[in-house]
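> Here it is: the structure, laid out below.
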There are 2 protein chains.
Amino acid sequence: MTETNRVWRLRKRPVGIIGDDVLSFEHEAIPEPTDGQFSFRLNYLSLDPTNRIWMSDMDQYMPPVELGAAMRGIVCGTVVKSKNPNFAVGDVVSGLGTWADYQIAAPGMINKMGPPSGVSVGDAFGLFAVVGPTAYFGLLDLGDPKPGETVVVSAAAGAVGSIVGQIAKIKNCRAVGLAGSDAKCDWIVKELGFDAAINYKKDDVASALKRACPKGIDVYFDNVGGEILDACFKQMNLQGRIPTCGFISQYNATSEVPGPKNYPMILMQRLKVQGFIVLDYANRYPEAITALGGWLAQGKLKFKVDMQEGLETAVINLRKLYTGENQGKLMIHVA
Amino acid sequence: MTETNRVWRLRKRPVGIIGDDVLSFEHEAIPEPTDGQFSFRLNYLSLDPTNRIWMSDMDQYMPPVELGAAMRGIVCGTVVKSKNPNFAVGDVVSGLGTWADYQIAAPGMINKMGPPSGVSVGDAFGLFAVVGPTAYFGLLDLGDPKPGETVVVSAAAGAVGSIVGQIAKIKNCRAVGLAGSDAKCDWIVKELGFDAAINYKKDDVASALKRACPKGIDVYFDNVGGEILDACFKQMNLQGRIPTCGFISQYNATSEVPGPKNYPMILMQRLKVQGFIVLDYANRYPEAITALGGWLAQGKLKFKVDMQEGLETAVINLRKLYTGENQGKLMIHVA
């Protein structure tokens, strides 16, 4: 057991790729819960594209992490001390916490995890905490795909994108994914069952989309923004939907990023573009977990965890999300 | 009675402001209906921002007008010859026709107008054919404004915008309009009852919006795109809606128009941006006409027609829509 607590603290706002001086790795005293509180030990830390948003002071959907504060993260842990009657020592919990071995749960932000039923705690946390529900609600609630329609997803070998494409197949749609390497493209087609894949670093995206989507695009699940979004705008069908989940292509930008020049297609094709974060669906989580768990058990859904080791590796592993080195759900096993 | 038919024909795609050589004004034979057809004489021609789209070959929501063809327009006329049992000589009709004194109705595109009940045929055509239902469905169906919310509309002294703001007031919202002159701003506040107006040619739009919308923007009814859209994106409230009706700021562009750089606000504030054209609501027209007619009769809705004279003036009058010279619904009285 460590006697001290290791905590990643935010020291400055990143410019471009997250530099080594953006966070510092501190050794501190282990915090003690007071009345009504409980503390937990971090078992798994989820690394997500949105971490880069929280570090910055760009416009965002919750307040950025304050300078000097522990870095915010999606966490899974085990309760070690409790002065809260609803949480007992040994309970497995997950939610919005920090990058620290030991931490006091912020009120309402950390909840007990349901029994993982046949999958490991790490897999259950990786699939059910954020990624699966994000894909599920974004695609089905906002994208509303009909059988036979064409669903395109960017960052398709990523944690969310790989599930979006598989749910599209489960719903009898044509699934087309964009990814950044031939290996990733092979994986989503041969292993995950996508109908087609486009290597956006190598292919001309517009003409590749035309070939892969001969009947146009009905749903574009947008994880990246930028040029891929612009190319999709041009090939959207009438009344198409664009659930908007992320802009990973521009989080590391150091100068102003141009907007999508084909934005007027929203009018011309009467599109619906809608942003969401999974927290908007907090009260419908059980629906997503039941469906995803069922597909997983039936072998219809494959889920790949990219499990790294050690809290001290958080920053170097996080950077992989923005350079395309990672494949599947990136997580860190801590304890 | 003219013995010949005067017809505006499209000769070339416009570049920038519509030039004198884009359309030609021809004298031709009056067309004769064959079995199942009917012909009508043009009484009123509606001039609308979308006319510029139809002339161009930009991506658009219906096929552009072919070179050599009669210019497409929203028209009101009187049946003069009929070989169609559903239409009798003397019937007042309106719909999608052409810029010509006499014309054969395209199948399904021209319908009988209901009795105008207390307003002139010209006013009824101006308000009910396109403009009123566009404002009605765009604001209420897509914008879904709740009492106390703030509705911002661009081109607010224009035909659609002036009605959007008044419906917002009827629905107990705060109505803020952007227009291009102090006279227009005065008109929408003092005559139409908007809560505030911004002269976008004189004021700094971002800071003026902050002052006019102290509680942020819940609905931005977009008629213009461009920089005003970008400024609104930055001040949208959580779960805000952007019904997207037009991009008049860029129809005359001669070089590529940049996209809205604040597009990621769609994610950060979980916005819904949705394009529409009023034809999507064809089967719900009676609902809009009943509501608009009621408000008109009760004095809650004011409607201003900018009536010009003579089919030969169509092009010089149409240009006013893009230079901001016009105020209210621009129409031409033909016969």
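Quick note: the coordinates plus some simple rules give every number you see, no bench work behind them. Since the model is a prediction, treat every value here as computed from it, not as a measurement. All Cβ positions, even for glycine, are placed from backbone atoms using ideal geometry, and neighbour counts span all protein chains on display.
> Please say if the range A:128-280 is rounded, prolate or oblate, where rounded means a/c under 1.5 for a ≥ b ≥ c the square roots of the C-alpha gyration tensor eigenvalues, and otherwise the choice is prolate for a/b larger than b/c and oblate otherwise?
It comes out rounded by the Cα gyration axes.
> Now, a different point. Ordered by residue, what ³J(HN,Hα) values in Hz, to whole numbers, does the range B:320-333 give under the Karplus form 6.51 cos²θ - 1.76 cosθ + 1.60, where θ = phi - 60° and Gly and Pro are x?
4, 4, 9, 9, x, 6, 9, 9, x, 6, 7, 9, 10, 7
> Then there is this: Apply the Karplus parameterisation 6.51 cos²θ - 1.76 cosθ + 1.60, with θ equal to phi minus 60°, to every residue of the range B:151-158 and state each ³J(HN,Hα) to the nearest whole Hz, in sequence, with x for glycine and proline.
Each residue of the range B:151-158 in turn: 10, 10, 9, 9, 6, 6, 9, x Hz.
> What aspartates and glutamates could a cross-link reach from A:Lys12, if we take a straight Cα to Cα line under 13 Å and drop same-chain neighbours fewer than 8 places away?
A:Asp20, A:Asp21, A:Asp57, A:Glu66
> Counting helices only, and only those DSSP H runs with n ≥ 4, report the 222 nm mean residue ellipticity of chain B as the sum of -39,500 (n - 2.57) divided by its residues, in deg cm²/dmol to the nearest 500.
The per-residue figure over chain B is -5500 deg cm²/dmol.
> Shifting gears a bit: Amide H to amide H under 5 Å from A:Phe194: which residues, 5+ apart in sequence or cross-chain, H placed 1.01 Å off N in plane?
Hits under the 5 Å cutoff: A:Val189.
> Which of the pairs B:Lys171/B:Lys215; B:Lys184/B:Lys215; A:Lys215/A:Lys302; A:Lys190/A:Lys304; A:Lys184/A:Lys234; B:Lys169/B:Lys210 have their Cα atoms more than 22 Å apart in this structure?
Pairs exceeding the cut-off: B:Lys184/B:Lys215; A:Lys215/A:Lys302; A:Lys184/A:Lys234.
> So what are the three principal axis dimensions of chain A from its Cα atoms, in whole Å, longest to shortest?
60, 46, 34
> Run through the range A:8-92 and list the GluC sites (Glu not before Pro) located in a DSSP loop whose Cβ has at most 14 other Cβ atoms within 10 Å.
Sparse-neighbourhood loop GluC sites (Glu not before Pro): A:Glu66.
> If amide hydrogens are placed 1.01 Å from N in the peptide plane, which non-local residues have theirs closer than 5 Å to the one on B:Gln308?
Under 5 Å from the amide H of B:Gln308 lie the amide H atoms of B:Met331, B:Ile332, B:His333, each far enough along the sequence or on another chain.
> OK, next. Non-local amide H neighbours of A:Thr98 (under 5 Å, H modeled in plane, Pro and chain starts lacking H): which ones?
HN-HN under 5 Å from A:Thr98: A:Gly73.
> Just check the range A:191-335 against the gyration tensor rule for me: Cα atoms, a ≥ b ≥ c as the square roots of the eigenvalues, rounded for a/c under 1.5, and otherwise prolate or oblate depending on whether a/b exceeds b/c.
prolate
> Using only Cα atoms, locate the centre of the range A:95-171 and the centre of the range A:224-284, then give the distance between them in Å, rounded to an integer.
Cα centroid of the range A:95-171 versus Cα centroid of the range A:224-284: 20 Å apart.
> Continuing with this model, one more query. Straight distance only, please: which aspartates and glutamates reach the Cα of B:Lys329 with their own Cα at less than 20 Å, same-chain residues fewer than 8 apart left out?
Of all the aspartates and glutamates, those that pass the test against B:Lys329 - Cα under 20 Å, at least 8 places apart if same chain - are B:Asp48, B:Asp123, B:Asp182, B:Asp186, B:Glu191, B:Asp222, B:Asp306, B:Glu309, B:Glu312.
> What is the local net charge at A:Phe25, summed over the other residues whose Cβ is closer than 12 Å to its Cβ (Lys, Arg +1; Asp, Glu -1)?
In short, -3.
> Something else now. Can you sort B:Trp54, B:Trp8 by how many other beta carbons sit within 10 Å, fewest first?
Starting with the residue having the fewest Cβ neighbours, the order is B:Trp54, B:Trp8.
> How large is the charge dipole for chain B, taken about the Cα centre, if only the Cβ atoms of Lys, Arg (+1) and Asp, Glu (-1) carry charge, to the nearest 20 debye?
Dipole about the Cα centre, nearest 20: 960 debye.
> So for chain A, averaging the separation of alpha carbon pairs under 8 Å that are six or more residues apart and normalising by length, what relative contact order in percent results?
17
> Counting other Cβ atoms within 10 Å, which trypsin sites (Lys or Arg not before Pro) in the range B:254-335 have at most 14 and lie in a DSSP loop?
Listed in order of number, the matching sites are B:Lys300.
> Excluding residues on the same chain fewer than 8 positions from A:Lys81, give the aspartates and glutamates whose Cα lies under 13 Å from its Cα.
Answer for A:Lys81, where 13 Å is the Cα cut-off: A:Glu32, A:Asp35, A:Asp91, listed by chain and number.
> Using a 10 Å cut-off around each Cβ of peptide B:255-266, what is the average number of partner chain Cβ atoms that fall inside?
The shielding value for this peptide is 6.
> Multiplying the sequence separation of A:Asp59 and A:Gln250 by 0.36 nm and subtracting their Cα-Cα distance, what value in nm do you get?
Going from the current span to full extension adds 67.5 nm.
> Another question about this same structure. In a Debye calculation with equal point scatterers on the alpha-carbon sites of the range A:131-194 and no solvent, what is log10 I(q)/I(0) at q = 0.21, 0.29 Å⁻¹?
Debye output, listed in q order: -0.72, -1.27.
> Contact order normalised by length for the range A:38-147, with contacts defined as Cα pairs under 8 Å and 6 or more residues apart; what percent is it?
Worked out over the range A:38-147, it gives 25 percent.
> Within 10 Å of each residue's Cβ, count the other Cβ atoms and sort B:Glu32, B:Glu227, B:Glu256 from fewest upward.
If I rank by nearby Cβ atoms, fewest first, I get B:Glu256, B:Glu32, B:Glu227.
> A follow-up question, please. Suppose we keep just the DSSP beta bridges with both residues in chain A; what percent of those would be antiparallel, to 5?
55
> Return the single residue from B:Asp230, B:Asp195, B:Asp59 with maximal mean-square fluctuation; model: Gaussian network over chain B, springs between Cα atoms under 10 Å.
Maximum fluctuation in the GNM of chain B, among the listed residues, is at B:Asp59.
> When B:Arg11, A:Arg9 are ordered from fewest to most other Cβ atoms inside 10 Å of their Cβ, what list results?
Ascending number of Cβ neighbours within 10 Å: B:Arg11, A:Arg9.
> Please state the equivalent ellipsoid semi-axes for the protein assembly as shown: what are the square roots of 5 times the Cα gyration tensor eigenvalues, largest first, in whole Å?
After scaling each eigenvalue by five and taking roots: 55, 27, 22 Å.
> If you average 1/r over all unlike Cα pairs in the range B:258-314 and invert the result, what Kirkwood radius do you get in angstrom?
With all distinct Cα pairs of the range B:258-314 included, I get 16.0 Å.
> Checking the a/c ratio against 1.5 first, then a/b against b/c, what shape does the Cα gyration tensor give for the range A:97-154?
It comes out prolate by the Cα gyration axes.
> Taking only C-alpha pairs under 8 Å that are 6+ residues apart, what is the relative contact order of the range A:176-268 in percent?
Computed over the range A:176-268, the figure is 22 percent.
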